[in-house]
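What follows is one structure encoded as structure tokens, with my remarks underneath.
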Amino acid sequence: MKLVSHFYDMAPAFWLLLAITGTLAQYTNLPDVAPGLFNASARIEIDNTNIDAAWDALTDFANYPKWNPFVRSSIVVDAANVSLPVQRPVENAQLLLRVQIPALPLPVNENTPDNPLNTQLSYKNITHVQRDLGRLAWELYPNPLMVAERWQALSVNEYGQVLYESREVFSGTLAPVTRALYEKKLQESFQAQAEALKLWLQGGYRP
Ligand SMILES: *[C@@H]1O[C@H](CO)[C@@H](O)[C@H](O)[C@H]1NC(C)=O
Ligand SMILES: *[C@@H]1O[C@H](CO)[C@@H](O)[C@H](O)[C@H]1NC(C)=O
Ligand SMILES: *[C@@H]1O[C@H](CO)[C@@H](O)[C@H](O)[C@H]1NC(C)=O
């Protein structure tokens, strides 16, 4: 009792905030974005790596086939769909993605075949490449029927682990259909990529 009252004395504003919100918000390095109809997300802590290696893995598209069970191929192209000489994300360039929804079972490598029934192609605009903030984003190429922007974020937590987070919010006319068909499978895919990134980095990947 004495301890509790001591804390009340120490930090009244903190306890007031707790009382108002009813919960402690979880730390995130994902930006605030406009709400949509639904989202897919993932969050994972990774030991024995660092931000540089994690950033390198996420932006090294040529190596995606070696570890990524969701995005099997990601090609950076210019406005005329010509592939760029350096296959790293650049703001305002486009991405041609070949994805598996749901993701392939882990682990995968460059020889793992696609499941043709789950293969989809998708065309994106790279909107944010923010190395200093540890953030990357691309959105569905401007489409009147659906808005969907995928963010990925890296940060280091108080235990020195790399925190990887990803989230894509869906809205627009086609969002309800997408939700009915794909919400669960997209969620599984985001989770699978997070687990695969952890395996890849902890397996000793270094840029
Ligand atoms: C994502 O979906 C979850 C679960 O429905 C929800 O609690 C959260 O607010 C959503 N986040 C965003 C940014 O839309
Ligand atoms: C580039 O290719 C994608 C996928 O095939 C297509 O959706 C898009 O319209 C093409 N863009 C241009 C400018 O040709
Ligand atoms: C791509 O995204 C950037 C940043 O949001 C934006 O300025 C640009 O207009 C977009 N390009 C296209 C073709 O939509």
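The values are calculated or read from the model by the stated rules, or taken from the named source; none is laboratory data. These numbers come from a predicted model, not from an experiment. Please note: Cβ atoms are built from the backbone with ideal geometry, for glycine as well, and neighbour counts cover all protein chains shown. The protein model used for the area step is the full one, side chains on, heavy atoms only, and it has no ligands, DNA or RNA in it. Shrake-Rupley method; radii C 1.70, N 1.55, O 1.52, S 1.80 Å.
So that you can scan it fast, the table gives a plain yes or no per residue for (1) among the polar types (S, T, N, Q); (2) at pLDDT below 95; (3) away from ligand 3 (no atom under 16 Å from the Cβ); (4) assigned to a strand (DSSP E or B):
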residue: Asp9; (1), (2), (3), (4): no, yes, yes, no
residue: Leu30; (1), (2), (3), (4): no, no, yes, no
residue: Ala40; (1), (2), (3), (4): no, no, yes, yes
residue: Arg43; (1), (2), (3), (4): no, no, yes, yes
residue: Asn48; (1), (2), (3), (4): yes, yes, yes, no
residue: Ala53; (1), (2), (3), (4): no, no, yes, no
residue: Asn63; (1), (2), (3), (4): yes, no, yes, no
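When Tyr123 is tested against (1) touching a Gly at 6+ places or on another chain (Cβ under 6 Å); (2) of a type outside the set (S, T, N, Q); (3) open to solvent by 60 Å² or more (accessible area, probe 1.4 Å), exactly one condition is not met: (1). With respect to being over 20 Å from Gln100 (Cβ atoms) and outside any helix (DSSP H, G or I), Ser166 falls outside the description. Looking across segment 73-97, the residues that are within 11 Å of ligand 2 (Cβ to nearest atom) and either assigned to a loop (DSSP other than H, G, I, E, B) or touching a Lys or Arg at 6+ places or on another chain (Cβ under 7 Å) (or both) come down to Asp78, Ala79, Ala80, Asn81, Val82, Gln94, Leu95, Leu97. For segment 105-138, which positions are under 17 Å from Phe70 (Cβ atoms) and within 15 Å of ligand 3 (Cβ to nearest atom)? Scanning segment 105-138 gives Ser122, Tyr123, Lys124, Leu136, Ala137, Trp138. Among the residues of segment 65-88, those identified as within 14 Å of the chain's Cα centre (by Cα) and not polar (S, T, N, Q) are Pro69, Phe70, Val71. Suppose we filter Glu195, Glu158 for residues that are open to solvent by 50 Å² or more (accessible area, probe 1.4 Å), farther than 22 Å from Leu95 by Cα, without any contact (Cβ under 8 Å) to a residue 60 or more places away in the chain and away from ligand 1 (no atom under 16 Å from the Cβ); which single one remains? Testing whether each residue is open to solvent by 50 Å² or more (accessible area, probe 1.4 Å), farther than 22 Å from Leu95 by Cα, without any contact (Cβ under 8 Å) to a residue 60 or more places away in the chain and away from ligand 1 (no atom under 16 Å from the Cβ) leaves just Glu158. Right, Val90: crowded, with 20+ Cβ neighbours inside 10 Å, away from ligand 1 (no atom under 16 Å from the Cβ) and of a type in the set (A, V, I, L, M) or not? In short, no. The sole residue among Pro176, Pro142 that is out of contact with any Pro (no Cβ under 8 Å at 6 or more places or on another chain), within 16 Å of ligand 2 (Cβ to nearest atom) and not aromatic (Phe, Trp, Tyr) is Pro142.
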